[in-house]
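Each remark here refers to the structure printed beneath this line.
The values are calculated or read from the model by the stated rules, or taken from the named source; none is laboratory data. Only a predicted model underlies this, so the values are computations on that prediction, with no experimental measurement involved. Cβ placement follows ideal geometry from the backbone for every residue including glycine, while neighbour counts extend to all protein chains displayed. The accessibility values were calculated without ligands, DNA or RNA, using every heavy atom of the protein model including side chains. Shrake-Rupley method; radii C 1.70, N 1.55, O 1.52, S 1.80 Å.
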Amino acid sequence: MHISDILRRHRPAISFEFFPPKSEAMSQELFSTIQQLIPLKPAYVSVTYGAGGSTRELTHDLVVRLHRETHLSIVSHLTCVGSSRREILRILQRYDEQGIHNIMALRGDRARQEHAPRAEDGFRYACELVAFIKHHFPHMGIGVAGFPEGHPETPNRLKEIEHLKTKVDAGADYLCTQLFFDNRDLYDFCERCELAGIHIPIVAGIMPITSRKSMKRMGELALGARFPGKLLRALANAEDDAQAEKIGINWATEQVLDLLDQNIPGVHLYTLNKSKASLQIHAALNIQSFDMLVR
Ligand code: FAD
């Protein structure tokens, strides 16, 4: 089933993101996390793709294993920058053959590609990848990325929303956002999308801060992310990492409660392959499972 259909049926639709583990120990940790999260009946889960295809096989193997061993609906991320059309076609064919029909179509970060060889017939932007998937695999569901606080490469926000519209018009059927800490940024983004004629479901990406170190890493990963002063002050006053974690999870919980209250179609939790924050957020929502139907 396409994610856009799932988003229509599940309310609240909460989903989780994992990254492919690089060692046996990390793999065990991830599968223990997944076992703990399965009872929450997430709307879907997604698996990231390392910059420039650095986790190509690991992503593929994890997606296929989850598909075979669980009943989860799975989205495989795919970045295109630095890959040839032939390589991308082969990856998509393999997914298609294995019954994986939901792809998060991304460009990937050029900065992390500086030393990677360039593919002559490669893609420049995610909108080209979306059109490519739509052309070769019209039955696939396609998600794309959105940036409530703006993507750092396009400071002109009017232009940026035009680019987003092009990507959606190429065939995307839902959109998942970059992490953010102030819901007003998301609501404003939704309004700007609507004004631009973008009417696909928007899933809000939330990453709970679990330590001051993790916050610094998030600042690097999500360039331009705005950390509200109130949150920073609370974290600065935390006595230790355990207290910082509590503050981060409470903040994310308040965000999720408010998003669900505003009827945002879905919330995607960036788990970093750990279950604690997601379990606590779920408990605070006071619902039986994430697939309880409709209000
Ligand atoms: P695009 O939509 O191509 O946009 C990139 C930039 O180009 C934007 O500034 C846009 O405004 C601009 N642009 C678009 N079209 C044009 C045009 N025609 N002319 C000029 N400028 C244009 N990265 C990974 O490596 N692996 C992952 O698994 C991964 N998962 C992600 C999941 C989500 C939900 C999000 C939000 C991001 C993820 N990323 C991932 C990061 C992503 O690859 C980077 O943020 C990347 O810089 C942008 O990707 P995009 O698909 O939005 O690119």
- Across the chain, qualifying lysine pairs (alpha carbons under 27 Å, at least 8 places apart or different chains) come out at 25
- Query: Hey, any idea what % of the chain's accessible area is carbon plus sulfur with a 1.4 Å probe?
  - Reply: 51
- Message: At 1.4 Å probe radius, can you tell me the per residue accessible area of the chain in Å²?
- Response: 49
- Message: Suppose the chain between Leu279 and Asn237 were pulled fully straight at 0.36 nm per residue; how much longer would it get relative to their current alpha carbon spacing?
- Response: 12.6 nm
- Item | For the chain, built as a Gaussian network whose Cα springs stay under 10 Å, the top-fluctuating residue of Pro155, Pro138, Pro42 | Pro155
- For segment 1-80, just the Cα set please: Rg and Dmax, both in angstrom. 12.8, 37
- Choice from Thr70, Thr177, Thr210 with maximal GNM fluctuation in the chain (Cα, 10 Å cutoff): Thr70
- Item | Hull-based mean projected area of segment 138-228, where the convex hull spans the alpha carbons, in square nanometres | 6.4
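Cα-Cα pairs above 16 Å in segment 203-249: how many percent? Show your work: numbers first, answer last.
Numbers: 370 of 1081 pairs.
For segment 203-249, the share of Cα pairs beyond 16 Å comes to 34 percent.
Normalized C-alpha radius of gyration of segment 150-295, against 2.2 N^0.38 Å?
Working: Rg = 16.2 Å, N = 146, 2.2 N^0.38 = 14.6 Å.
Dividing the Cα radius of gyration by 2.2 N^0.38 Å gives 1.10.
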- Message: To check you understand DSSP bridge types, tell me what percent of the beta bridges within the chain (both residues inside) are antiparallel, rounded to 5.
- Response: 0
- Largest-first principal axis extents of the Cα set of segment 3-285 (Å): 53, 45, 42
- Task: Please identify, among Gly146, Gly82, Gly197, the residue showing maximal mean-square fluctuation in a Gaussian network model of the chain using a 10 angstrom Cα cutoff.
- Result: Gly197
- Note on the structure: Highest mean packing first, using Cβ neighbours within 10 angstrom, the peptides 217-229, 239-251, 265-277 sort as 265-277, 239-251, 217-229
- Between the residues Pro208, Ala170, Leu231, the Cα farthest towards the positive end of the dipole of segment 3-285, that dipole coming from +1 and -1 charges on the beta-carbon of Lys, Arg, Asp and Glu, is from Ala170
